[in-house]
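Structure record follows, encoded as structure tokens.
The values are calculated or read from the model by the stated rules, or taken from the named source; none is laboratory data. Please read these numbers as outputs of a predicted model, since none were measured by experiment. Here the Cβ is made from the backbone with ideal geometry for all residues, glycine too, and neighbour counts use every protein chain on show.
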Amino acid sequence: MRKFAIGTAVCGALALSALAVPTASAATPDLSFSSVVVNGGKAIVVGTTATVKVPVTYTLTRPADLVIDYKNNGAGIMLYRGSLANFENAIESDAAPSCTATVTTATTVTESCKETIALDPYDYLYEAADATTWKAAGFYGRIAEDNDDSDGHVSFEYGYDMWGGLGTAQIKRAAKLTTNATPEPVKKGATLTVKGALTRANWETSKYSGYTGQSVTLQFRAKGSDTYKNVKTVKSGTSGALSTTVKASADGYYRYKFAGTTTTGAKSAAGDYVDVK
């Protein structure tokens, strides 16, 4: 028997749907998924290469006589956009969750479960439309495989059930931001030019591209202070370019700060120190 994986099961579900092949006719188990929380309720910000580990917690109630062994069957949470019957994209864990029984009756077991979705942008995110609100669904899949061909017969049976509308998760494109103030050093009262660039992850190319027309705040932190203060707001131009001027008044750090949008995560640039003579 091959090892059961939620990821493999979902891929199988998509493939079977595309081919319009009926699944195995095993009875739907009486499962209930509730209290689903993805990434602690915070947006999931994803770049172009690094895998983001997304924690998921939920409550699962199952029949007391149903054994979920993650070899013959498995259960977990998946994220999808589109409809439950017709995904536009889907993301799931390829590892078994960790579940602890909290309530046991003669007929049911209620468990508190944790799992981690390893979100690799290369594997799961393909276009700008993936930067949106995703839905959470509960998933149960089972397989039965006979690879012993000594009797001239092999078989593979597969079935799955999904329960949608269990919650949402926002996936955003990661941003990068730079700051460069010149000249350095500068005379007090002279003009400083502060340039930079705002870019964000492009999942189609696996690179970062300019984010134009966005409001970005220039901030200043005086030497010896821990607090940045807003100076002015600048709009990003072609290829996400930023540029403005200020009068040099004191030693300190300049940086650009981007508050983020519904599709792109917030970002603050590293401070650029300016020595004022």
#### Entry: Matching residues, segment 132-153, being under 30 Å from SER35 (Cβ atoms) and not basic (Lys, Arg)
THR132, THR133, TRP134, ALA136, ALA137, GLY138, PHE139, TYR140, GLY141, ILE143
### Query
Considering only residues of segment 63-86 that are of a type outside the set (A, V, I, L, M) and crowded, with 20+ Cβ neighbours inside 10 Å, which is nearest to ASP120 (Cα to Cα)?
TYR80
## Note on the structure
If we take segment 174-272, then strands (runs of 3 or more DSSP E) inside it with 2 or more residues that are closer than 25 Å to TYR126 by Cα, touching a Ser or Thr at 6+ places or on another chain (Cβ under 9 Å) and small (Gly, Ala, Ser) are 191-202, 207-210
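This table checks each residue for (1) in a strand (DSSP E or B); (2) at negative phi; (3) of a type in the set (Val, Ile, Thr).
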| residue | (1), (2), (3) |
| --- | --- |
| CYS113 | yes, yes, no |
| THR116 | yes, yes, yes |
| ASP123 | no, yes, no |
| PHE139 | yes, yes, no |
| ARG142 | yes, yes, no |
### Query
Inside segment 1-57, can you point out the residues that are at pLDDT below 95, surrounded by 14 or more Cβ atoms within 10 Å (Cβ to Cβ) and among the β-branched types (Val, Ile, Thr)?
ILE6, THR8, VAL10, THR23
### Residue count, segment 94-108 (criterion: surrounded by fewer than 15 Cβ atoms within 10 Å (Cβ to Cβ) and out of contact with any Ser or Thr (no Cβ under 8 Å at 6 or more places or on another chain))
4
### Task
Could you pull out the residue among ASP251, ASP226 that is out of contact with any Lys or Arg (no Cβ under 9 Å at 6 or more places or on another chain) and not assigned by TED's automatic domain parsing to the domain that holds TYR122?
ASP226
### Query
Within the set of pairs 6 or more residues apart or between chains, which connect a residue that is in the same structural domain as SER98 (by TED's automatic domain parsing) inside segment 109-135 to a residue that is among the acidic types (Asp, Glu) and part of a strand (DSSP E or B) with Cβ atoms less than 7 Å apart?
ILE117/GLU92
### Query
What do you reckon, is LYS71 among the charged types (D, E, K, R), under 18 Å from GLY41 (Cα atoms), out of contact with any Pro (no Cβ under 8 Å at 6 or more places or on another chain) and not assigned by TED's automatic domain parsing to the domain that holds THR263?
no
### Task
Could you tell me whether ARG255 is of a type in the set (Lys, Arg), surrounded by 20 or more Cβ atoms within 10 Å (Cβ to Cβ), at pLDDT 95 or above and over 20 Å from the mean Cα position of the chain (by Cα)?
yes
